[in-house]
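What follows is a short report on a single structure.
The values are calculated or read from the model by the stated rules, or taken from the named source; none is laboratory data. No experiment lies behind these values; they were computed from the predicted model shown. Cβ: placed from backbone, ideal geometry, glycine included. Neighbour counts: every protein chain shown. Surface areas here come from the heavy atoms of the whole protein model, side chains and all, with no ligands, DNA or RNA. Shrake-Rupley method; radii C 1.70, N 1.55, O 1.52, S 1.80 Å.
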Amino acid sequence: MFEYETLKLIWWGFVGILIIGFALMDGFDFGVGILLPFVAKTDMERRIVINSIGPTWEGNQTWFIAAGGALFAAWPLAYAAAFSGFYVALMLLLFSLFFRPVGFDYRSKVQDTRWRSAWDWALFIGGFVPPLIFGVAFGNLLLGVPFHYDETMRLEYMGGILGLLNPFGLLAGLLSVAMLTMHGAAFLRMKTEGLIRERARTALLVAAAIAFLSFGCAGIWVAFGMDGYRIISMPDVNTAFMPTMKVAERSLGAWLDNFGRMPILWGLPVAGLLAAILSPLFACKNKDMTAFLSSGLCVAMVILTAGVAMFPFVMPSSLNPSSSLTAWDVVASHKSLGVMFWVVVIFLPVIIIYTSWIYRVLRGKVNEAHINANEHSAY
């Protein structure tokens, strides 16, 4: 069995991997949903776009379920705090996700223009709202969440849904929507032909430019205009202790502490910015697979940059920094982490291998001939 400190670090990595996996795999599904009303003009074109992700979108949600399960099992205090602080936002997320399964299943059941158009916009909502909420939530994590523990260790959340809609939170939401739209456009370039593919290139150029600018602006804001958090003292990290047993502070530029200690980490945001530039360049040269890999690299680097900046903080408290939740004090018991470690080691490769096999089997482009040949099974 690993030491408790080692397992805490491992689970910080596991949660990060699952979040990145969700963003990469379900992210382009969201992006395709966002682009559906804009890159496809006719009913056949929209069916082509929908069926580019139709066979795999449900499987991609495995990453979302796995990430949520890992958060509940490994970081129970963070799970509780998140549902207290972001309850309304998470309910909006949940209801927006409802649009996707019913939209896919019902859209082509009735041959009526208004019916299909309504479901097209429902799929747009199901693609646009989740990335926006995730981005706003991450932005507010960097700012700090208004909660604290009282003298009886009850968590009290003092904010509201409107407090989440602050300028930096909205900037983070814009970045999230833009980079997943870029990722979705790159995917459509690989899976479609003709006018849809050309419109996807235009969308990729616009989304990549917005992602580049918003990521750069967010970085400058974090470095020069925002208080970060740092730990001053705490108990031995190899032991179990309550969050309030440490001492933490807010300080301008504290989110850059880890980059200062390990300058090599600056390669993460630099790689993210370069990937946002390279993806549209490769798309213009018709190197669609490389453009898709570049957009995925951008998504991964943006998330890693935020995660590395915050480490070891998971949910900082803007009301009382010492109540902040960190990778050292938010975790489950030593034994629980050890048992779940082997569960992840066994099943995560299974998910990766199965997903890779599915995409290999379903490789190739979706076009009008494919839809006509599969009229009864295609969405």
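All but one of (1) open to solvent by less than 70 Å² (accessible area, probe 1.4 Å); (2) farther than 30 Å from Thr239 by Cβ; (3) among the aliphatic types (A, V, I, L, M); (4) free of Cβ contacts under 8 Å to residues at least 60 places away in the same chain hold for Val345; which doesn't?
(2)
How about the range 235-260: which of its residues are out of contact with any helix residue (DSSP H, G or I) (no Cβ under 7 Å at 6 or more places or on another chain) and buried (at least 17 other Cβ atoms within 10 Å of the Cβ)?
The answer is Ala254, and nothing else.
Filter the range 320-342 for residues that are surrounded by 12 or more Cβ atoms within 10 Å (Cβ to Cβ) and not in a loop (DSSP other than H, G, I, E, B) and give the result.
Answer for the range 320-342, where residues must be surrounded by 12 or more Cβ atoms within 10 Å (Cβ to Cβ) and not in a loop (DSSP other than H, G, I, E, B): Pro321, Ser322, Ser323, Leu325, Thr326, His334, Ser336, Leu337, Gly338, Val339, Met340, Phe341.
Here is a list: Val206, Val136. Which entry is β-branched (Val, Ile, Thr) and either open to solvent by less than 20 Å² (accessible area, probe 1.4 Å) or closer than 20 Å to Met25 by Cβ (or both)?
Working: Val206 fails: either open to solvent by less than 20 Å² (accessible area, probe 1.4 Å) or closer than 20 Å to Met25 by Cβ (or both).
On inspection, the qualifying residue turns out to be Val136.
State yes or no: is Phe292 open to solvent by less than 70 Å² (accessible area, probe 1.4 Å) and either modelled with pLDDT under 95 or over 15 Å from Leu24 (Cβ atoms) (or both)? Spell out the reasoning first.
On the way: open to solvent by less than 70 Å² (accessible area, probe 1.4 Å): yes; either modelled with pLDDT under 95 or over 15 Å from Leu24 (Cβ atoms) (or both): no.
Judged against the criteria, Phe292 is not a match.
Can you name the number of the only condition in (1) farther than 30 Å from Leu278 by Cβ; (2) open to solvent by 30 Å² or more (accessible area, probe 1.4 Å); (3) at pLDDT below 90 that Gly194 fails?
(1)
Find the residue count for the range 211-231, including only residues that are without any contact (Cβ under 8 Å) to a residue 60 or more places away in the chain and either in contact with an Asp or Glu (Cβ under 7 Å, 6 or more places away or on another chain) or more than 18 Å from Phe138 (Cα to Cα) (or both).
2
Quick one: which residue in Gly159, Gly163 is among the small types (Gly, Ala, Ser), at pLDDT below 90, open to solvent by 50 Å² or more (accessible area, probe 1.4 Å) and in contact with a helix residue (DSSP H, G or I) (Cβ under 9 Å, 6 or more places away or on another chain)? First the steps, then the outcome.
Numbers: Gly159 fails: open to solvent by 50 Å² or more (accessible area, probe 1.4 Å).
The conditions single out Gly163.
How many residues does the range 85-119 contain that are more than 22 Å from Met44 (Cβ to Cβ), open to solvent by 50 Å² or more (accessible area, probe 1.4 Å) and in contact (Cβ under 8 Å) with a residue 60 or more places away in the chain?
1
List pairs: first residue in the range 141-160 and within 21 Å of Met226 (Cβ to Cβ), second residue at pLDDT 85 or above and open to solvent by 30 Å² or more (accessible area, probe 1.4 Å) anywhere in the structure, Cβ distance under 6 angstrom, at least six positions apart or on different chains.
Close Cβ pairs (under 6 Å, with a partner that is at pLDDT 85 or above and open to solvent by 30 Å² or more (accessible area, probe 1.4 Å)) amount to Gly144/Ser318; Pro146/Ser318; Pro146/Leu319; His148/Leu319; His148/Asn320; Met158/Pro146; Gly159/Pro146.
Pick from the range 205-246 the residues that are farther than 28 Å from Thr181 by Cα and of a type in the set (Ser, Thr, Tyr): which of them is nearest to the chain's Cα centre (by Cα)?
Here the residue is Tyr229.
Please go through the range 59-70 and pick out each residue that is in contact (Cβ under 8 Å) with a residue 24 or more places away in the chain and open to solvent by 50 Å² or more (accessible area, probe 1.4 Å).
Step one: list which residues in the range 59-70 are in contact (Cβ under 8 Å) with a residue 24 or more places away in the chain, which gives 59-64, 66-67, 70.
Once the filter is applied, which keeps residues that are in contact (Cβ under 8 Å) with a residue 24 or more places away in the chain and open to solvent by 50 Å² or more (accessible area, probe 1.4 Å), the range 59-70 yields Thr62, Phe64.
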